[in-house]
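One structure is given here, and the rest of the page talks about it.
The values are calculated or read from the model by the stated rules, or taken from the named source; none is laboratory data. Since this is a predicted model, take the numbers as computed values, not measurements. No Cβ is skipped: glycine too gets one built from the backbone with ideal geometry, and neighbour counts run over all protein chains shown. The area values use the complete protein model at the heavy-atom level, side chains included, leaving out ligands, DNA and RNA. Shrake-Rupley method; radii C 1.70, N 1.55, O 1.52, S 1.80 Å.
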Amino acid sequence: MTERYNPKVAEAKWQKIWDEKQSFKAVEDEAKPKFYALIEFPYPSGEGLHVGHPRSYTALDIVSRKRRMEGFNVLYPIGWDAFGLPTENFAIKTGQHPKVVTQKNIANFRRQLKSLGFSFDWSREVDTTDPDYYKWTQWIFLKLWEKGLAYKASMPVNWCPSCKVGLANEEVVNGECERCGGVVVQRQRSQWMLKITAYAERLLSDLDTVDYLEKIKTQQRNWIGKSIGAEVDFSIPALKNKAMRIFTTRPDTLFGVTYMVLAPEHPFVQELLPKCQNPDAVKAYIEATTRKSDFDRTEGAKEVSGVALEGIMATNPITKKSVPVWIADYVLATYGTGAIMAVPGHDERDWRFAKKFKLPIIEVISGGDVTKEAFISTSDDAVAVNSGPLNGLRPSEAIAKMIQIIENEGCGKASVKYKLRDWVFSRQRYWGEPIPMVDCPKCGWVPLPESELPLRLPEVESYQTSDTGESPLSLMTDWVNVKCPHCNGSAKRETDTMPQWAGSSWYFLRYCDPHNDKELASRKSLEFWTPIDWYNGGMEHTVLHLLYSRFWHKFLFDIGVAPSPEPYSRRTSHGLILGENNEKMSKSRGNVVNPDEVVETYGADTLRLYEMFMGPFDQAIPWSTTGLTGMWRFISRLWTLSDKVDVSDDASASRRVHKTVQEVSERIEAMKFNTAIASLMSLTNDFGEMEKIPKSDWDIFLKLLSPFAPHIAEEMWEKLGNKKLVAETPWPKADPAMLIEDTVTVAVQVNGKLRATIIVARDKPAKEVETVALAEEGVARALGGKAPKKIIVVPNRIVNVVV
RNA sequence: GCGGGCAUGACGGAACUGGUAGACGUACAGGACUUAAAAUCCUGAGCCGCAAGGCGUGCCGGUUCGAUUCCGGCUGCCCGCACCA
């Protein structure tokens with residue numbers, strides 16, 4: 001009897017061997033097919049690794065290890081998304097430089113990840129805060145500028161007073177700061193913007209070319225928010241017939257327009273103010289609107305509000321009817337044209353508004369009762385009525401016809417709008433990539449020449465944003481004052497930095513060639529490795545990070561850097577690991593599990609197996625300490641079993657093992673890691689009942705186990721006298737012939753109820769199976785002497801006797 | 001409000017294209033070993049019943065020889081989106 005398994009010793013031993021042999025170093029070997037597996041690189045926080053990280057990392061580690069054994073050239077890299085607020089805040093609090101804090105955190109993460117035995121290629125580590133890395137982040141920005149996709153615009157920006165930082169729309173959740181939960185206010189500020197909207201259509205349509213979970217595609221589509229419709233001009237006599245342009249998805253309802261609405265911020269409103277009869281009321285309403293936050297404007301939207309611009313009318317270009325013009329905050333300045341034609345019969349908001357202000361409602365689509373509620377339908381029987389030339393047409397026909405009419409009349413055109421907004425790319429923070437632009441009074445914004453990259457972050461006294469909201473860099477006069485690269489006159493640097501999303505929008509390209517100082521990565525390496533074959537990460541990054549990185553990747557494709565239009569061929573997501581009390585893990589709830597402690601007590605293999613076994617991979621699941629000890633029991637039992645291996649019995653693998661090979665292989669591909677492990681456990685339960693375990697079976701078992709629990713698998717593999725690593729052996733294949741049993745168990749039912757099971761030869765003729773079935777005692781008893789009316793025999797499965 | 005998903009023992013969960021519901025693990029009970037406990041090993045177990053049998057996959061109904069699986073309706077939970085014209 002060997003000693004009890006000691007994971008601490010064994011795991012350290014194998015991690016050292018893998019390191020020394022560089023077992024998982026990715027090489028560009030043209031002879032082998034490539035496989036690029038990617039996990040979201042972590043933010044190295046001061047708290048250290050969360051048990052959620054290894055859930056994703058273990059899953060793709062299993063896949064990567066299996067692929068290597070299958071003869072693939074595997075790239076499974078790791079790095080650090082290290083710019084960001086928490087580190088900066090920690091630095092402010094403790095007076096340490098964020099760089100120092102970051103390096104400390106990275107060292108801790110690296111130690112933790114290494115202790116879990118992931119087969120990362122550590123020689124390709126990237127760090128977004130390394131000037132050799134952010135040089136290329138800045139380079140991409142310069143390219144975006146060069147192509148007109150980066151611009152500076154003064155615009156209302158979401159401002160978090162407590163973080164003292166401008167936030168992207170995406171970082172504002174229900175009017176609150178995503179990071180601190182404080183109320184976000186609007187501030188006017190000049191910001192760098194990226195024209196992601198120029199890519200809206202491609203970001204949407206190319207989703208059809210990739211394999212993402214359907215819910216992820218849906219999220220992307222929702223965020224892009226495409227609407228197909230038309231723009232129509234309504235002339236305003238008071239403005240010398242200047243056109244008020246509206247956007248509508250239902251041009252077929254043009255005959256149902258009874259009033260018009262402008263967003264309070266719409267530029268026409270200021271022009272119309274002196275011309276209307278109630279300027280004071282209008283001004284008061286605009287005032288009230290600006291005081292409302294976006295949140296109040298949407299969330300508190302149960303009650304509609306608005307005010308008429310009295311005396312101002314607009315002319316319907318088709319019906320030539322005059323309708324009143326209103327302003328109301330339910331019309332958003334930022335969507336469409338900031339103005340709408342109101343069709344209260346067939347739009348819920350317009351209906352509520354019309355009811356409240358006693359405006360007329362006209363039915364133009366049949367099938368509902370517009371006196372009771374707005375009727376919205378695109379079904380074929382909802383034909384147009386009261387609509388002149390459209391009468392009797394189905395919605396799709398009516399829309400097409402109306403677009404034709406307005407285009408002929410020259411008063412509008414077919415049009416497509418998106419909810420997607422341009423990306424606010426400036427942050428008034430220290431710990432981010434400096435934006436390599438110079439503001440020259442003579443030349444305007446001038447990019448730094450590429451030769452001056454990286455533009456390094458200067459050392460500053462304080463990392464605190466100024467109370468006026470300026471970046472800490474703005475106080476560094478030495479750094480800020482430069483010569484204009486264009487005219488050599490005095491100029492100032494941009495002092496805002498990039499958002500954290502920047503570095504993570506292209507890191508997967510850098511992994512292909514991480515030490516290149518001439519290009520962000522060589523074309524050759526990118527052609528070899530990209531696109532990424534399998535990307536796994538959390539659901540929290542399936543909207544923004546995915547969208548931003550797809551945008552950058554498409555841009556890099558367009559300028560000839562990236563070889564493919566899409567970065568990720570396949571994207572999956574794992575579920576959250578909840579605390580033992582079924583709540584989200586958090587320090588404040590006191591339910592955080594520290595992976596270090598688990599590794600200390602039970603070892604990495606136990607943690608890996610447990611996290612894969614705890615439940616379906618894509619589902620949120622609570623942590624269970626007893627479940628973890630169960631997995632430790634499994635590991636210990638394996639060690640005991642290894643003493644029963646009969647080394648002399650090395651013929652060929654049993655049917656039982658072939659079946660397991662089949663199951664485990666399939667289940668890994670389907671991400672059913674929980675049942676793959678169940679399958680391994682079943683096999684070991686069978687081994688447990690055997691006097692001796694044939695080496696032929698045990699060998700294959702260890703190979704199947706090795707991606708899941710690599711340390712103990714290597715330890716037991718070595719114990720058998722093998723010189724090579726189990727990780728270097730080929731993945732076993734199931735022999736289809738060995739998967740077919742000679743005999744089958746057939747269930748016998750009487751009227752659908754199970755009465756007996758019989759064991760018969762595979763593919764025994766139905767008649768004979770029937771005879772055997774009817775001879776069963778339980779069957780005879782259930783029949784009670786009655787003659788069967790009908791007997792259904794499903795070959796090798798079931799016999800159902802109907803009485 | 002709109003869109004999507006889910007609902008199975010005490011618990012996490014399993015079940016291929018409709019074919020023996022509850023694999024695997026946890027917790028539990030009994031036994032062995034031990035002075036004892038832990039650990040380990042063996043055995044049991046969906047529920048009711050001594051048994052025969054009956055009842056069971058959120059609820060009601062349908063299709064079928066047969067439904068956790070398909071269809072209709074309801075309830076509950078989760079996740080997106082949310083004045084987007």
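Worth pointing out:
- Single residue of segment A:745-756 satisfying the filter (loosely packed, with under 14 Cβ neighbours inside 10 Å and among the polar types (S, T, N, Q)) that is nearest to RNA strand B (Cβ to nearest atom): A:T745
- When A:T495 is tested against (1) open to solvent by less than 10 Å² (accessible area, probe 1.4 Å); (2) farther than 22 Å from A:T572 by Cα; (3) in contact with a Leu (Cβ under 6 Å, 6 or more places away or on another chain), just one condition goes unmet, and that condition is (1).
- Subset of segment A:461-475 [surrounded by fewer than 18 Cβ atoms within 10 Å (Cβ to Cβ) and aliphatic (A, V, I, L, M)]: A:L475
- Some residue of segment A:689-696 being touching a Phe, Trp or Tyr at 6+ places or on another chain (Cβ under 8 Å), on the phi < 0 side of the Ramachandran plot and either outside any helix (DSSP H, G or I) or touching a residue at least 24 places away in the same chain (Cβ under 8 Å) (or both): yes
- Segment A:579-591 - residue that is closer than 20 Å to A:G627 by Cβ and within 24 Å of the chain's Cα centre (by Cα) and, of those, least open to solvent (accessible area, probe 1.4 Å): A:G579
- The set of residues in segment A:89-126 that are within 18 Å of A:E597 (Cβ to Cβ), open to solvent by less than 10 Å² (accessible area, probe 1.4 Å) and assigned to a helix (DSSP H, G or I) comprises A:F109, A:Q112, A:L113.
- Considering the conditions (1) outside any loop (DSSP other than H, G, I, E, B); (2) under 29 Å from A:P565 (Cβ atoms), A:A491 is excluded by exactly one of them, (2).
- Unique match (being away from RNA strand B (no atom under 12 Å from the Cβ) and open to solvent by 50 Å² or more (accessible area, probe 1.4 Å)) among A:P395, A:P436, A:P360: A:P360
- Filtered by the rule that a residue be within 15 Å of RNA strand B (Cβ to nearest atom) and among the hydrophobic types (A, V, I, L, M, F, W, C), segment A:178-202 gives A:V184, A:I196, A:A200.
- Of note, A:E3 satisfies the criterion of being without any contact (Cβ under 8 Å) to a residue 24 or more places away in the chain, open to solvent by 80 Å² or more (accessible area, probe 1.4 Å) and under 19 Å from A:Y602 (Cα atoms).
- Of the residues making up segment A:109-119, not a single one is closer than 27 Å to A:L448 by Cβ and either modelled with pLDDT of 95 or more or hydroxyl-bearing (S, T, Y) (or both).
- Members of segment A:532-554 found to be under 18 Å from A:T197 (Cα atoms), away from RNA strand B (no atom under 15 Å from the Cβ) and crowded, with 22+ Cβ neighbours inside 10 Å, listed by number: A:R550, A:F551, A:W552, A:H553
- Cβ-Cβ contacts under 7 Å between residues 6 or more apart (or on different chains), taken from a first residue in segment A:123-150 that is under 30 Å from A:K21 (Cβ atoms) to a second residue that is among the acidic types (D, E), are listed as A:T128/A:D81; A:D132/A:D517; A:Y133/A:D127.
- Filtering A:D208, A:D280, A:D233 for residues that are open to solvent by 30 Å² or more (accessible area, probe 1.4 Å), more than 13 Å from RNA strand B (Cβ to nearest atom) and closer than 24 Å to A:W423 by Cα leaves a single hit, A:D208.
- Applying the set (1) crowded, with 18+ Cβ neighbours inside 10 Å; (2) assigned to a loop (DSSP other than H, G, I, E, B); (3) of a type in the set (S, T, N, Q) to A:T378 leaves exactly one unmet item: (1).
- Test: A:F557 is at pLDDT 95 or above and out of contact with any Phe, Trp or Tyr (no Cβ under 8 Å at 6 or more places or on another chain): yes
- Scanning segment A:614-631 for residues that are assigned to a helix (DSSP H, G or I), within 7 Å of RNA strand B (Cβ to nearest atom) and not hydroxyl-bearing (S, T, Y) gives A:G627, A:G630, A:M631.
- The residue list A:A709, A:A678, A:A734, A:A727 contains one member that is in contact (Cβ under 8 Å) with a residue 60 or more places away in the chain, in contact with a helix residue (DSSP H, G or I) (Cβ under 8 Å, 6 or more places away or on another chain) and within 15 Å of A:I17 (Cα to Cα), which is A:A727.
- Filtered residues of segment A:719-744 (kept if modelled with pLDDT of 95 or more and surrounded by 11 or more Cβ atoms within 10 Å (Cβ to Cβ)): A:L725, A:V726, A:A727, A:E728, A:T729, A:W731, A:P732
- Whenever a residue of segment A:539-564 is of a type in the set (F, W, Y), its partners that are surrounded by fewer than 17 Cβ atoms within 10 Å (Cβ to Cβ), lying with C-beta atoms within less than 6 angstrom and at least six residues away or across chains, give the pairs A:F557/A:P565.
- Hits in segment A:654-678 (condition: near RNA strand B (Cβ under 8 Å from one of its atoms) and open to solvent by less than 20 Å² (accessible area, probe 1.4 Å)): A:I677
- Segment A:398-415 - residue that is exposed (fewer than 14 other Cβ atoms within 10 Å of the Cβ) and outside any helix (DSSP H, G or I) and, of those, nearest to the chain's Cα centre (by Cα): A:K413
- Every test in (1) more than 16 Å from RNA strand B (Cβ to nearest atom); (2) part of a helix (DSSP H, G or I) is passed by A:P565 save one, and that test is (2).
- Selection within segment A:48-88: residues that are basic (K, R) and open to solvent by less than 10 Å² (accessible area, probe 1.4 Å). The member of this set that is modelled with the highest pLDDT is A:K66.
- Counting only residues that are open to solvent by 20 Å² or more (accessible area, probe 1.4 Å) and in a loop (DSSP other than H, G, I, E, B), segment A:416-428 holds 3 of them.
- Inter-residue pairs, beta-carbon under 8 Å, first under 19 Å from A:K13 (Cβ atoms) and in segment A:97-115, second surrounded by 19 or more Cβ atoms within 10 Å (Cβ to Cβ) and hydroxyl-bearing (S, T, Y), 6+ apart: A:L113/A:Y57
- Residue satisfying condition, being hydrophobic (A, V, I, L, M, F, W, C), within 30 Å of A:S379 (Cα to Cα) and either open to solvent by 40 Å² or more (accessible area, probe 1.4 Å) or out of contact with any Asp or Glu (no Cβ under 8 Å at 6 or more places or on another chain) (or both), within set A:F255, A:F268, A:F247: A:F255
- Close pairs (9 angstrom Cβ cut-off, 6 or more residues apart or separate chains): outside any loop (DSSP other than H, G, I, E, B) and modelled with pLDDT of 90 or more in segment A:311-336, open to solvent by 50 Å² or more (accessible area, probe 1.4 Å) and within 15 Å of RNA strand B (Cβ to nearest atom) anywhere: A:W326/A:F357
- Contact map, segment A:381-405: residues that are closer than 17 Å to A:T248 by Cβ paired with residues that are assigned to a strand (DSSP E or B) and of a type outside the set (V, I, T), Cβ distance under 7 Å, separation 6+ or inter-chain. Pairs shown: A:L390/A:A384; A:L393/A:A384; A:A398/A:A384; A:I403/A:A230; A:I403/A:A414.
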